[in-house]
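This report concerns only the one structure given below.
The values are calculated or read from the model by the stated rules, or taken from the named source; none is laboratory data. Everything numeric in this text was worked out from a predicted model, so none of it was measured. Cβ coordinates were reconstructed from backbone atoms using ideal geometry, including for glycine residues, and neighbour counts include every protein chain displayed. The accessibility values were calculated without ligands, DNA or RNA, using every heavy atom of the protein model including side chains. Shrake-Rupley method; radii C 1.70, N 1.55, O 1.52, S 1.80 Å.
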Amino acid sequence: MLIIGEKLSIIAKRVREAMMKRDKGPIQEIATRQWKEGSGMIDANIGPAEDGGEELMEWMVTTIQEVVPLPICLDTTNYKAIEAGLKVHNNEWGRPLINSTSNDPERFPMLELAAKYNSQIIGLTVGKGGLPADVEERAAIAAEIMARAMEYGVPLEDIFLDPLVLQIATSQDHAIKVIDAIKMFREMNEPPMKTVVGLSNISNGCPKHVRPILNKYYFIMLMNAGLDAAIADAHEMAEAMQEKQLVDDILAGKKIEDAEKMKVIQKTLDVIMNKTLYAHSYLEM
C-alpha cells in the first residue's frame, strides 16, 4: 500500500502562507514528518496556480526533495506547472506521479507529459459533464482513459485509476460505490489496474473528531477491496492498520472484546455501507 502524504496542500493556511513567502521551513518540516510517519510519496498540491505556477511547483519539488528521499505527486491542473516540476524532480528517489488526467479534454495533455517524462499518472474517473453517477459510469470512463493512455504511449501499469471519493455528508450512497469501483477496476486488465483515492474527501465537512474515524475505517474497506494507494494522512493510516483486525472481525460478523470500540466501528461501517443515514452526530445516535 502506497501512502501519498496529503499534508502539503495550498488549502491549509500554514502551507499556503509558506508557499507565498517561499519559506522552506514549514514545507520541509511537514514533508519530513510525513516521511517519518510512513508516506512513500509526498503530494505537492499547489491548486490551480494560474499565475506563477511553474516557479511555485519547481520550488515545491526541490524544497521537499532537499530533505526527503521520496518521489513527488505533482498536484495541480496547471499543465506548465506540472512540466516544471517534472523537469527538476529527482528520479533517484522514485518516479513522479501526475495528479491528474481525466475524461475532460482539457486534461488530456497530462498524458503527453507522462509519456515524455516517464511519469506515473492518476486517471480520475470524471468527465467534463460532471460527477459519475454509479459504478458502471466510473468503469466506462476508466476504460476510455486506459485506451487514451495507450494512444499517448503511456503504459497501463503507469496509471492509477481514481474512482473519485465524495463527501459522505452530502453523497453518502457513493461511499460503497467507490469500493465496488475499486473491485471492478481491478478486473479491467491483466495484471490488475492500480487504484488510488483521495481518502480524506470522504470526511470533508464532518466534525473534527469524526473525520479520522471515517478516514481510517473507510481506508480498511478500500484496502480489502484491493486499493493500491491513498492520498492520505500517514499517521492516521498507521493507526488504521493497528485496528484492521478489529474491523475485519466486525465485517465478518464477529464480536470484539471492547464493546465501546465495537459500537464506534459498527456504526461507522453501517454509515459507509449506506445501511444507516449519515448525520454529524451518528456516533451518539
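Counting only the Cα atoms, region 91-162 fills a convex hull of 77 Å³ per residue. Taken over the alpha carbons of region 1-92 as equal point scatterers, the Debye sum produces base-10 log I(q)/I(0) values at 0.12, 0.26 Å⁻¹ of -0.30, -1.48. The stretch between Gln245 and Glu144, if pulled fully straight at 0.36 nm per residue, gains 32.7 nm over its current Cα-Cα span. Given the pairs Lys244/Lys267; Lys244/Lys275; Lys183/Lys208; Lys208/Lys254, which are separated by over 24 angstrom at their Cα positions? Over 24 Å Cα-Cα: Lys183/Lys208; Lys208/Lys254. Which whole number in µm²/s is D for the chain by Stokes-Einstein, with the Kirkwood Rh taken over Cα pairs at 25 °C and 0.890 mPa s? D = 127 µm²/s. When the chain is described by a simple charge dipole with +1 on each Lys and Arg Cβ and -1 on each Asp and Glu Cβ, the residue from Thr101, Leu222, Leu161 located farthest towards its positive end is Leu222.
When averaged across all projection directions, what area in nm² does the alpha-carbon convex hull of region 71-193 cover? Could the numbers behind the result be given before it?
Working: hull surface 30.8 nm².
One quarter of the hull surface, i.e. the mean projection, equals 7.7 nm².
Restricted to Cα atoms, region 156-226 shows a radius of gyration and a Dmax of 12.7, 41 angstrom.
Sorted largest first by accessible area at a 1.4 angstrom probe radius, with every protein chain in place, the residues Ser9, Ser281 fall in the order Ser281, Ser9.
The long axis of helix 234-251 is offset from the longest Cα principal axis of the chain by roughly 30 degrees. A 1.4 Å probe run over the protein chains yields, for region 2-284, 44 Å² of accessible area per residue, whole-number rounding. Between Lys80 and Asn224, the contour length at 0.36 nm per residue exceeds the Cα-Cα span by 48.1 nm. Between Ser281 and Glu106, the distance separating the two model label sites (each 7 Å from Cα on the Cα→Cβ line) works out to 4.1 nm. Note on Met1 and Gln167: with the Förster distance fixed at 41 Å, the Cβ-Cβ geometry gives a FRET efficiency of about 0.95.
Taken over the Cα atoms of region 67-110, the convex hull encloses 69 Å³ per residue. Roughly how far apart, in whole Å, are the Cα centres of region 100-117 and region 213-285? With region 100-117 and region 213-285 each reduced to a Cα centre, they are spaced 34 Å. If I build a Gaussian network model for the chain, linking alpha-carbon pairs within less than 10 angstrom, which residue out of Pro207, Pro26, Pro155 has the largest mean-square fluctuation? Among Pro207, Pro26, Pro155, the largest mean-square fluctuation in the Gaussian network model of the chain belongs to Pro207. Largest accessible area first, the listed residues Tyr278, Tyr117, Tyr79 line up as Tyr79, Tyr117, Tyr278 when surface is computed with a 1.4 Å probe on the assembled protein chains.
Ordering Val15, Trp35, His280 by Cα displacement along the dipole of the chain toward the positive end leaves His280 in first place; charges were set at the Cβ atoms of Lys, Arg (+1) and Asp, Glu (-1). Measuring spread by the Cα atoms of region 120-264 yields a radius of gyration and Dmax of 16.1, 54 Å. Charges were assigned to the Cβ only: +1 to each Lys and Arg, -1 to each Asp and Glu. The resulting dipole of the chain about its Cα centre is roughly 560 debye.
What number, rounded to the nearest 500 deg cm²/dmol, is the helix-based mean residue ellipticity at 222 nm of the chain, given -39500 (n - 2.57) per DSSP H run of at least four residues and division by all its residues?
So the calculated ellipticity at 222 nm is -14500 deg cm²/dmol.
Stretched out straight at 0.36 nm per residue, the stretch from Arg33 to Asn90 would grow longer than its current Cα-Cα span by 18.6 nm.
Just the protein heavy atoms count here, and of the accessible area of the chain at 1.4 Å, carbon and sulfur take up 51 percent. Using a Gaussian network model of the chain in which every pair of alpha carbons under 10 angstrom is joined by a spring, one finds that among His209, His235, His174 the greatest mean-square fluctuation is at His209.
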